[in-house]
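All remarks here apply to the structure that follows.
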Amino acid sequence: MQLEVVVWTVRSFWIVSGGLGLLKVLVPEEKVPQKLQEAFDALTSRGKVRDKNKDKRKSAGFLAWTVPQSWFAHFYLVGVIWNMLVIALAAGTFAFEHPRLWGLPPVDDRALEGAACVAILILFQVHLTRRFLETIFVMKYSKQARMHCVAWGFGLLYYIFVPLSLLHESVLEDMLKHNPILLLRKASQANPTDILDLSLEYHWWMDPLGITLFVVGFWNQWRAHKILSDLRKGKKGGKLYHMPMGGWFKYVSSPHYFAEILVYLGLILMLDPGRVTLWLLFILVVTNLTFAAVETHKWYKANFPEYPANRKAIFPFVY
């Protein structure tokens, strides 16, 4: 019962959030009531796109509750801490459930699944850590850039639910059986080498497509963020927006969003492409980033008359 509650809470979050994002992407703006459109823009837009939308709405009350866009760092800080805790809890679970971690046979499928989850969560931890460091040391947010407090709260919940989605249900079930304090104590005693050996036996690392997508997405997202950051250097860098060039910006307006999609797709393929929860998460990632990319694309075209006509919003040569 406890497992079902957790699983369906996570899935419901992805279904509702992804469904709203899908509607926003697929339904033309002219078919949406103006008040609803303005409210949605107020709740979801941020940065330069929010600056554009504020001219066509008069936000008041709750719709005017905003926080600095630099608070993006909170998402990744929470993600880094929570994901690290989930890794430790999963490792502690193995110590209870699988004698192999203490050098004793046998090993079963649940142990292999669990070890693979830890390996994938560690890769996700690397991604989160890089994003946190980028928001602190690389990204240069305008002091005027804002986002709604709902978007901020959504981001915090998002990075709570992603690690839970990356866990196999068998691992989550084992984890819920035990006191978390005992799990953390066991995790501190477990041998990391044994967990790594088990994860290699699951052969997640033998998915060349998943690994390639993760690495390519990881690298190109960093490169895109570096390009955007470099545009804001200089005397007026904190006040002006510029047209990005170079790297994947040759093909799309938001290569960092496209790269993020590749990172998640790579993780899913390496872990278990047959799990429903992972694809619900992926649908949200795609719809959310596509919506943001389309809005950014419109802004670039409206503000730069010389903007390349062949540049797409997010998917090279397609959309």
Contacts under 6 angstrom Cβ, first residue in the range 289-314 being more than 20 Å from residue 259 (Cβ to Cβ) and of a type in the set (A, V, I, L, M), partner at pLDDT 95 or above and in a loop (DSSP other than H, G, I, E, B), 6 or more apart: none
Residue ranges of helices (runs of 4 or more DSSP H) in the range 184-272 with at least 1 members under 20 Å from residue 135 (Cβ atoms) and modelled with pLDDT of 90 or more: 208-231, 255-271
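Test residue 282 against the criterion of being assigned by TED's automatic domain parsing to the domain that holds residue 259, on the phi > 0 side of the Ramachandran plot and either in a helix (DSSP H, G or I) or surrounded by fewer than 20 Cβ atoms within 10 Å (Cβ to Cβ) (or both), and give yes or no.
Against the criterion (assigned by TED's automatic domain parsing to the domain that holds residue 259, on the phi > 0 side of the Ramachandran plot and either in a helix (DSSP H, G or I) or surrounded by fewer than 20 Cβ atoms within 10 Å (Cβ to Cβ) (or both)), residue 282 does not qualify.
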Matching entry among 264, 241 (being touching a Lys or Arg at 6+ places or on another chain (Cβ under 7 Å) and among the aromatic types (Phe, Trp, Tyr)): 241
Failed condition for residue 14, given (1) in the same structural domain as residue 184 (by TED's automatic domain parsing); (2) at pLDDT 80 or above: (1)
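The values are calculated or read from the model by the stated rules, or taken from the named source; none is laboratory data. Everything numeric here is computed off the predicted structure, so don't read it as measured data. Using ideal geometry, Cβ is built from the backbone for each residue, glycine included, and neighbour counts are taken over all protein chains shown.
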